[in-house]
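The values are calculated or read from the model by the stated rules, or taken from the named source; none is laboratory data. If you're wondering where the values come from, they're calculated on a predicted model, not measured in any experiment. Every residue, glycine among them, receives a Cβ derived from its backbone with ideal geometry; neighbour counts consider all protein chains shown.
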Amino acid sequence: MKTIKYLSAGLSICACTCLVNNMPTKAETSSPAVTVTTGNWNRQSVMDVARKVADWQIKDYPDNQYAKSEPRGWVPGALYMGMYDWAELSNDNTYYDWLRKIFNRQSWQVANRMYHADDVCIAQTYIDFYNKEKNENMLKPTIARADWVVNNPSNGSMDLDYSKGSTIERWTWCDALFMAPGVYTRLYTLTGNRKYMHFADGEFRATYNYLYDKDEHLFYRDSRYFDQREANGKKVFWGRGNGWVIGGLAEILKTLPASDTEYRPFYLSLFKEMSERLAGLQGKDGYWHASLLDPDSYPSPETSATGFVVYGLAYGINQGYLPADQYLPIVKKGWEALVAAVEADGKLGWVQPVGADPKKVTREMTELYGPGAFLMAACEIYKLADK
């Protein structure tokens, strides 16, 4: 990796206080019927529904507001990760070509904010592409950004305050644990340079120490929610927020060097702890809801949270981290729930819009990260199907 190390050295100088429960009507919260059947639990059916979801999203992508306004942002960034996984599983160049065309238009650049975790989410797929095609132009902007951040770490507060820009320079919201760490673990594995993992581990642990509730084994979305409570008096733990974390942990474990013994134990322990907690919070309908501890206030399905949790749990089973006899029934039910939310044309519904806490979700709602999570889950489910 001498070339990559040279690039790294050469480019390093470059440059709501209270929740409002919007109670949905009965019509808006009617869940798709979920019955665990063998019909959806075989590899061909997984391939078929994943292709349908991927193709619908590609067709709809040009009309998406975030695809048009922020093509390097985190919203499409999460889709790109799922689409890349699907391209690998399907071995269909159509999906690689679609991604490559988008990335070439962006000159393989990350988004503009130097420190912001959201603005490097896309780099995870850039690095995956580099590992496949060995084109250094795919990697140069990512290394430039990562080196600058690592060499000039922020000392901003961990208390999130959007009126103070310095508080979004750190990983002060739990979503960030999906957006950024996987960039640094990939660079660490690719280059062998420990500085990337040293930085990522320090930032992750700072977030963990501040936002992780050691009693509930869940992450607050950010510091603004420490004292807030749901209608039932429980703490506010956002479904997708914790989905981001379990999905991010899977990405960390997947992309760390297989031989690593320094960092892996902490992340694996946290992954197992959160997996056990999340498994117990699955709804009877198979979904993880917008509010993890007050699903009765948000009874509608929520497929982005469900997609990321199913992805994480299925990955854990496939790697032998989670016992199949305990977790496979949960994953099966979650997958059936996800499939039930796919319309005939491939649109994935019941996706909570961009936000930071539990909100009402309706069937027609979708967003790019929803299909991204679905495709990531599908690629792990494929390995489990027919078992």
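Some points to look at:
- Residue under evaluation ARG277, criteria (1) closer than 16 Å to TYR212 by Cβ; (2) basic (Lys, Arg); (3) in contact with a Pro (Cβ under 9 Å, 6 or more places away or on another chain), criterion not met: (3)
- Inter-residue pairs, beta-carbon under 8 Å, first among the β-branched types (Val, Ile, Thr) and in segment 318-332, second crowded, with 19+ Cβ neighbours inside 10 Å and not in a helix (DSSP H, G or I), 6+ apart: ILE330/GLN282
- Residue count for segment 134-148, restricted to those that are outside any helix (DSSP H, G or I) and among the aliphatic types (A, V, I, L, M): 1
- Residues of segment 215-234 that turn out to be more than 22 Å from the chain's Cα centre (by Cα) and not acidic (Asp, Glu), as a count: 7
- Counting the residues of segment 360-387 that are in contact with a Ser or Thr (Cβ under 6 Å, 6 or more places away or on another chain) and over 30 Å from GLY320 (Cβ atoms) gives 1.
- Checked against (1) touching a Lys or Arg at 6+ places or on another chain (Cβ under 9 Å); (2) of a type outside the set (Lys, Arg); (3) farther than 24 Å from ALA356 by Cα; (4) modelled with pLDDT under 95, PRO24 meets all criteria but (3).
- Tallying residues that are farther than 13 Å from ARG221 by Cβ and either surrounded by fewer than 24 Cβ atoms within 10 Å (Cβ to Cβ) or of a type in the set (S, T, N, Q) (or both) within segment 170-187 yields 2.
- Filtered residue count, segment 100-144, keeping only those that are over 21 Å from the mean Cα position of the chain (by Cα) and more than 19 Å from GLU88 (Cβ to Cβ): 10
- Checking each residue in segment 149-164 for being under 24 Å from the mean Cα position of the chain (by Cα) and part of a helix (DSSP H, G or I) picks out VAL149, VAL150.
- Filtered by the rule that a residue be surrounded by fewer than 18 Cβ atoms within 10 Å (Cβ to Cβ) and under 22 Å from THR255 (Cβ atoms), segment 66-88 gives a lone residue, GLU88.
- Hits in segment 132-151 (condition: surrounded by 16 or more Cβ atoms within 10 Å (Cβ to Cβ) and of a type outside the set (Ser, Thr, Tyr)): MET138, LEU139, LYS140, PRO141, ILE143, ALA144, ARG145, ALA146, ASP147, TRP148, VAL149, VAL150
- Restricting attention to segment 106-131, the residues that are surrounded by 21 or more Cβ atoms within 10 Å (Cβ to Cβ) and either touching a Cys at 6+ places or on another chain (Cβ under 7 Å) or polar (S, T, N, Q) (or both) total 2.
- Filter result for ALA200 (closer than 30 Å to LYS52 by Cα, under 19 Å from the mean Cα position of the chain (by Cα) and at pLDDT 95 or above): no
- Residue in segment 276-299 that is buried (at least 24 other Cβ atoms within 10 Å of the Cβ) and in a helix (DSSP H, G or I) present: yes
- Where ARG113 falls short, out of the listed (1) in a loop (DSSP other than H, G, I, E, B); (2) among the charged types (D, E, K, R); (3) over 25 Å from LEU368 (Cβ atoms): (3)
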